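The values are calculated or read from the model by the stated rules, or taken from the named source; none is laboratory data. Model, not experiment: these values are computed from the prediction. Because the Cβ atoms are built from the backbone with ideal geometry, glycine has one as well, and the counts that use them run over all protein chains shown. In case anyone asks, the SASA skips ligands and DNA or RNA and just uses the protein heavy atoms, side chains included. Shrake-Rupley method; radii C 1.70, N 1.55, O 1.52, S 1.80 Å.
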Amino acid sequence: LKPIGSGGPISPSGPPLSACGCPRRPAMAGANVVLVTGATGRIGREVVARLARAGGVRVRVAVHSAEKADYLRGLGAHEAVKFDYQNPSTWPEACKDVRTVYSSSLDPLLDHHLKFSDYLGGIRHQIRHVVRISCMGADTNTACYNKDKHVSREGAPIPLMLQHYWWGEEALIKNGLPVTVLRNNFFMNHLLKTDCETIDKEGWFSNPLGKARNSFVSTSDIGEAAAKVIEEGPDRHADKFYDLTGPEPQSMYEIADDLGSALGKKVEYRPQDMAQFEKDFGPTRAAFFEYLCNGFYTRCSPDFYNIVGRRPTTYAEYLRQKGAAGETGLEELYQANLWKKGTDAMKDAAQAAARPAAAA
């Protein structure tokens, strides 16, 4: 096998036990090869750990560096391959012999995901199943959905980020691929990442959500559901669209209480004006947060229970409990974050002049 620098696979190796202490079961000869994109993300690494624990598939992780490959092998990955959404030359080797794709991509990389979807469409004779991470609100094929009708504001369209999530789903569907989509509520681990400094030094955080209650979802739960869907396969889950939520709607004041209890100190929530939030993070993210203020994400879905067989994880449990990858939500709070105060991470994607051709 070629080294990562050449664009090919990294030679699989690693201990019989994963880094989280779980047995990594060897893949059987001829086992289904599962390509896990976004493998070092909070959901992706849960998928890797759970699939490795379950056995029966060969877990191939898509990575940028040997360091990340070593970490994922520690979670149980059988092999690693260099993959870059922005570099199509890495795609053929990454997809060699792959039958199942776990599809996850950062929001600003939508256009590259659309192109990769077209590539997968070109090898659809080989691909049995694609499991895509998306968001509640991308309902065009399963509900009456009009992008020009905002839930709570007359004359406004729905948030651009929700439109993007649907385009990401649609590109796979139009390419004739057997798709399962996990449409998730807002991630618990995204709630407070931009406020870690004030939480640590001054004991408070701020955002515009206030008393609005939302059923935030645990990323560990999403990873567990994705792994289960992959294990059970397309015969049971192809052309299915699941809404994943937490088990209870919570306000920011209640979130502050749970976080304070986990940290062992008082944490205060301070309401923030939406106009200031938009200045901090840009109009695209602010428009999405408006939907978190108007009740759109309040409801609790039974879909996680129907897939996994238990109720979803609460925020308080998420903070304290270790996921399959060996980390608690509280530990993950302090890890890498796409969103930075003073930076509009969605600026380039939002300035696209027209809808990408792959999703037109």
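Structure data summary
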read-out: Given (1) more than 27 Å from ALA52 (Cβ to Cβ); (2) among the basic types (Lys, Arg); (3) more than 21 Å from the chain's Cα centre (by Cα), index of the condition ARG299 fails; value: (3)
read-out: Odd one out for PRO157 among (1) open to solvent by less than 50 Å² (accessible area, probe 1.4 Å); (2) part of a loop (DSSP other than H, G, I, E, B); value: (1)
read-out: TYR85 being buried (at least 24 other Cβ atoms within 10 Å of the Cβ) and not polar (S, T, N, Q); value: no
read-out: Among (1) open to solvent by 40 Å² or more (accessible area, probe 1.4 Å); (2) in contact with a Gly (Cβ under 9 Å, 6 or more places away or on another chain); (3) in contact (Cβ under 8 Å) with a residue 60 or more places away in the chain, the one test that ASP70 misses; value: (3)
read-out: Strands (runs of 3 or more DSSP E) wholly inside the range 161-270 that include at least 2 residues being surrounded by fewer than 23 Cβ atoms within 10 Å (Cβ to Cβ); value: 204-207, 240-244
read-out: Single condition SER218 does not satisfy, out of (1) touching a strand residue (DSSP E or B) at 6+ places or on another chain (Cβ under 6 Å); (2) at pLDDT 95 or above; (3) within 14 Å of ILE255 (Cβ to Cβ); value: (1)
read-out: Verdict on ASP70 being among the charged types (D, E, K, R), under 23 Å from LEU182 (Cβ atoms) and in a helix (DSSP H, G or I); value: no
read-out: Condition check for ARG128: under 30 Å from GLY56 (Cα atoms), of a type outside the set (Phe, Trp, Tyr) and open to solvent by 50 Å² or more (accessible area, probe 1.4 Å); value: yes
read-out: Any hit, the range 42-51, residues being of a type in the set (A, V, I, L, M), modelled with pLDDT of 55 or more, open to solvent by less than 40 Å² (accessible area, probe 1.4 Å) and farther than 16 Å from ASP221 by Cα; value: no
read-out: Single residue of the range 73-102 satisfying the filter (part of a loop (DSSP other than H, G, I, E, B) and of a type outside the set (A, V, I, L, M, F, W, C)) that is nearest to GLU46 (Cα to Cα); value: GLY76
read-out: Count - residues of the range 53-67 that are buried (at least 23 other Cβ atoms within 10 Å of the Cβ) and in contact (Cβ under 8 Å) with a residue 40 or more places away in the chain; value: 2
read-out: Index of the failed condition, ARG153 passing every other in (1) in contact with a helix residue (DSSP H, G or I) (Cβ under 7 Å, 6 or more places away or on another chain); (2) touching a residue at least 60 places away in the same chain (Cβ under 8 Å); (3) of a type outside the set (Val, Ile, Thr); value: (1)
read-out: Among the residues listed as ASP148, ASP139, the single one being charged (D, E, K, R), in contact with a strand residue (DSSP E or B) (Cβ under 9 Å, 6 or more places away or on another chain), assigned to a loop (DSSP other than H, G, I, E, B) and open to solvent by 10 Å² or more (accessible area, probe 1.4 Å); value: ASP139
read-out: Qualifying residue in the range 103-125 (condition: charged (D, E, K, R), open to solvent by 20 Å² or more (accessible area, probe 1.4 Å), part of a loop (DSSP other than H, G, I, E, B) and under 15 Å from ALA171 (Cβ atoms)); value: yes
read-out: Top-ranked residue in the range 289-299 [being open to solvent by 10 Å² or more (accessible area, probe 1.4 Å) and part of a helix (DSSP H, G or I); ranked as farthest from VAL217 (Cα to Cα)]; value: GLU290
